[in-house]
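> Take a look at the following structure, please.
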Amino acid sequence: MVLPLQDPSSTMLIIGLTGSIATGKSTVSSLLSSPPHSLPIVDADVLAREVVEPGTRGYRAIVRHFGPMAPDLLLPASDAMPENGPDGKGRPLNRAVLGRLVFGDEPQMQRNRAVLSGIVHPAVRLGMVKMVAACYLKGHWAVVLDVPLLFESRLDKFCGVTMVVAVTEPETQLRRLMDRNPDLSREDAENRVKSQMDVRLKAQRCLYSGEGKGVVLWNDGSRDELKERLDEELRKLKGANPEWWSWLMLGCPPLAVALATWRFWQNVRAERQWRETQEKEAKA
Ligand SMILES: CC(C)(COP(=O)(O)OP(=O)(O)OC[C@H]1O[C@@H](n2cnc3c(N)ncnc32)[C@H](O)[C@@H]1O)[C@@H](O)C(=O)NCCC(=O)NCCS
Ligand SMILES: Nc1ncnc2c1ncn2[C@@H]1O[C@H](COP(=O)(O)OP(=O)(O)OP(=O)(O)O)[C@@H](O)[C@H]1O
């Protein structure tokens with residue numbers, strides 16, 4: 001009988017995948033979405049782009065707030081780009097310009113980042129809930145939430161497992177970022193790194209969740225090494241969360257809700273303890 005081995009708090013397993021900029025989340029996410037894992041991915045960066053497309057409420061709020069600070073906030077009009085945008089809803093945002101307003105550790109940048117997050121994040125969360133519900137209804141045993149700011153936006157509370165992709169050397173992160181985005185100067189790249197919680201701290205936070213609930217994938221080596229480590233972790237997770245369990249939960253929604261609530265509460269407690277530990281360490 002497999003039931004006693006089953007983690008009793010699991011319904012459909014929500015794997016919260018995070019890291020910091022250019023530490024390898026997308027690399028892991030594409031491995032998870034490909035065979036043999038073939039897991040559905042909910043990508044916060046993709047949703048964050050969709051909710052600020054011309055014509056959306058997010059787009060209008062951004063133009064209203066940031067437009068007066070940056071005359072070049074929208075892509076320039078040209079032969080290929082009509083004044084009112086390709087579909088008459090306005091020209092798309094110039095993401096590099098907006099990035100320069102929000103990435104950095106100066107107080108003004110931090111304020112701008114908070115405003116942008118306040119516009120984008122609620123819409124992203126709504127999109128995520130819809131996609132996760134669709135995965136649940138399809139009977140998937142697990143779904144991956146690929147969220148760069150998983151801990152910062154406290155979405156980790158909704159996850160059965162958090163997975164952090166991290167590197168030990170800040171220089172590795174910076175080099176990979178500049179290789180991938182050659183348009184960024186070293187200063188731009190450093191500002192982007194500084195705008196996020198340190199990935200080593202995210203790794204500590206992840207491990208704090210305890211055995212089987214927090215997985216850190218160190219990505220200092222080759223892509224093959226990363227894949228091997230990921231495959232091994234997935235084997236363990238799948239063993240603890242078999243597919244039949246998801247179908248059982250789908251057949252009994254009240255039980256699924258009760259178990260999800262219990263898991264949520266466990267995560268809230270773990271998060272509170274983590275914050276208290278951090279505060280004590282900061283005072284010491
Ligand atoms: C500022 C924007 C326009 C820059 O766009 P750009 O195409 O240059 O970068 P992209 O969106 O691909 O983001 C790259 C990485 O930057 C990091 N990042 C993005 N937004 C933030 C933020 N508010 N705080 C810290 N890091 C962030 C993430 O690691 C992300 O993966 C864009 O990042 C944005 O709209 N950010 C706000 C929305 C957000 O918080 N997205 C993160 C997931 S919800
Ligand atoms: N083990 C590795 N060895 C060498 N290069 C790698 C390795 N892992 C990832 N990379 C490269 O580093 C860059 C950043 O990786 P990736 O895009 O997966 O990071 P990310 O965490 O998703 O970044 P972002 O937060 O900006 O979306 C990519 O160009 C990727 O191909």
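The values are calculated or read from the model by the stated rules, or taken from the named source; none is laboratory data. All values reported here derive from a predicted model rather than from experimental measurement. Here Cβ is always computed from backbone atoms with ideal geometry, including for glycine, and neighbour counts include all displayed protein chains. Ligands, DNA and RNA are stripped out before the accessible areas are found, and what is left, the full protein with its side chains, is counted by its heavy atoms. Shrake-Rupley method; radii C 1.70, N 1.55, O 1.52, S 1.80 Å.
> Looking at K227, K213, which is the one that is open to solvent by 40 Å² or more (accessible area, probe 1.4 Å), at pLDDT 95 or above and more than 16 Å from ligand 1 (Cβ to nearest atom)? Talk me through it step by step, then tell me what you get.
Values: K213 fails: at pLDDT 95 or above.
Residue meeting the stated conditions: K227.
> Report whether or not A260 is in contact with a Gly (Cβ under 8 Å, 6 or more places away or on another chain) and among the aliphatic types (A, V, I, L, M).
no
> Of the residues V102, V144, only one is in contact with a Leu (Cβ under 8 Å, 6 or more places away or on another chain) and either more than 10 Å from ligand 1 (Cβ to nearest atom) or of a type in the set (D, E, K, R) (or both); which?
Numbers: V102 fails: either more than 10 Å from ligand 1 (Cβ to nearest atom) or of a type in the set (D, E, K, R) (or both).
After ruling out the rest, the residue left standing is V144.
> Still on this structure: Given the options D198, D183, D179, D156, name the one that is of a type in the set (D, E) and either under 21 Å from S34 (Cβ atoms) or near ligand 2 (Cβ under 10 Å from one of its atoms) (or both). Talk me through it step by step, then tell me what you get.
Working: D198 fails: either under 21 Å from S34 (Cβ atoms) or near ligand 2 (Cβ under 10 Å from one of its atoms) (or both); D183 fails: either under 21 Å from S34 (Cβ atoms) or near ligand 2 (Cβ under 10 Å from one of its atoms) (or both); D156 fails: either under 21 Å from S34 (Cβ atoms) or near ligand 2 (Cβ under 10 Å from one of its atoms) (or both).
Within the list D198, D183, D179, D156, the selection yields D179.
> Can I ask one more? Of all residues being of a type outside the set (F, W, Y) and touching a Phe, Trp or Tyr at 6+ places or on another chain (Cβ under 7 Å) in the stretch 137-166, which is modelled with the lowest pLDDT? Just the residue, please. Give the steps one after another, and end with the answer.
Initial filter on the stretch 137-166 (of a type outside the set (F, W, Y)): 137-140, 142-150, 152-157, 159-166.
Add one more test, that the residue is touching a Phe, Trp or Tyr at 6+ places or on another chain (Cβ under 7 Å), and what stays is 139, 157, 166.
Working: G139: 80, K157: 90, A166: 98.
Here the answer is G139.
> From the list R192, R154, which one is within 11 Å of ligand 1 (Cβ to nearest atom) and touching a helix residue (DSSP H, G or I) at 6+ places or on another chain (Cβ under 8 Å)?
Working: R154 fails: within 11 Å of ligand 1 (Cβ to nearest atom).
Sole residue among the options that is within 11 Å of ligand 1 (Cβ to nearest atom) and touching a helix residue (DSSP H, G or I) at 6+ places or on another chain (Cβ under 8 Å): R192.
> If we scan the stretch 53-69, do we find a residue that is open to solvent by 50 Å² or more (accessible area, probe 1.4 Å), more than 10 Å from ligand 1 (Cβ to nearest atom), without any contact (Cβ under 8 Å) to a residue 24 or more places away in the chain and farther than 25 Å from N191 by Cα?
The answer is yes, given that some residue of the stretch 53-69 is open to solvent by 50 Å² or more (accessible area, probe 1.4 Å), more than 10 Å from ligand 1 (Cβ to nearest atom), without any contact (Cβ under 8 Å) to a residue 24 or more places away in the chain and farther than 25 Å from N191 by Cα.
> Among all residue pairs at least 6 apart or on different chains, which show Cβ distances below 8 Å where the first residue, located in the stretch 36-47, is within 16 Å of ligand 1 (Cβ to nearest atom) and the second is open to solvent by 30 Å² or more (accessible area, probe 1.4 Å)?
I41/S33; V42/M131; A44/L149; L47/A123
> Okay, moving on. If you scan the stretch 240-254, which residues turn out to be in contact (Cβ under 8 Å) with a residue 40 or more places away in the chain and either assigned to a helix (DSSP H, G or I) or loosely packed, with under 12 Cβ neighbours inside 10 Å (or both)? Can you show your working first?
If we filter the stretch 240-254 for residues that are in contact (Cβ under 8 Å) with a residue 40 or more places away in the chain, which is where we start, we get 240-243, 245-247, 249-250.
Of everything in the stretch 240-254, those that are in contact (Cβ under 8 Å) with a residue 40 or more places away in the chain and either assigned to a helix (DSSP H, G or I) or loosely packed, with under 12 Cβ neighbours inside 10 Å (or both) turn out to be A240, E243, W245, S246, W247, M249, L250.
> Take A203 and decide whether it is closer than 27 Å to E279 by Cβ, without any contact (Cβ under 8 Å) to a residue 60 or more places away in the chain and surrounded by 16 or more Cβ atoms within 10 Å (Cβ to Cβ).
Working: closer than 27 Å to E279 by Cβ: yes; without any contact (Cβ under 8 Å) to a residue 60 or more places away in the chain: yes; surrounded by 16 or more Cβ atoms within 10 Å (Cβ to Cβ): yes.
Yes: the conditions hold for A203.
> If only one of K236, K227 is within 16 Å of ligand 2 (Cβ to nearest atom), under 29 Å from L31 (Cα atoms) and among the basic types (K, R), which one is it? Outline the logic, then answer.
Working: K236 fails: within 16 Å of ligand 2 (Cβ to nearest atom).
Answer to the check: K227.
> Then there's this: Among the candidates A133, A114, A123, which residue alone is surrounded by fewer than 13 Cβ atoms within 10 Å (Cβ to Cβ) and more than 27 Å from S34 (Cβ to Cβ)? Can you show your working first?
Values: A133 fails: more than 27 Å from S34 (Cβ to Cβ); A123 fails: surrounded by fewer than 13 Cβ atoms within 10 Å (Cβ to Cβ).
None of the others qualify; the one that does is A114.
> Name the one entry in G58, G99, G88 that is within 16 Å of ligand 2 (Cβ to nearest atom), among the small types (G, A, S) and more than 23 Å from D156 (Cβ to Cβ). So that I can check it myself, show each step before the final result.
Working: G58 fails: within 16 Å of ligand 2 (Cβ to nearest atom); G88 fails: within 16 Å of ligand 2 (Cβ to nearest atom).
Being within 16 Å of ligand 2 (Cβ to nearest atom), among the small types (G, A, S) and more than 23 Å from D156 (Cβ to Cβ) holds for just one of G58, G99, G88, which is G99.
> So which residues in the stretch 207-239 are within 21 Å of T168 (Cα to Cα), among the basic types (K, R) and in contact (Cβ under 8 Å) with a residue 60 or more places away in the chain, if there are any at all?
Matches in the stretch 207-239: R223, K227.
> Suppose we filter L237, L217, L174 for residues that are in a helix (DSSP H, G or I) and within 22 Å of H140 (Cβ to Cβ); which single one remains? Give the steps one after another, and end with the answer.
Numbers: L217 fails: in a helix (DSSP H, G or I); L174 fails: within 22 Å of H140 (Cβ to Cβ).
Criteria check complete, one pass: L237.
> With buried (at least 18 other Cβ atoms within 10 Å of the Cβ) and over 30 Å from W244 (Cα atoms) as the only criterion, which of L155, L93, L145, L150 stands out?
On the way: L155 fails: over 30 Å from W244 (Cα atoms); L145 fails: over 30 Å from W244 (Cα atoms); L150 fails: over 30 Å from W244 (Cα atoms).
From the options L155, L93, L145, L150, the qualifying one is L93.
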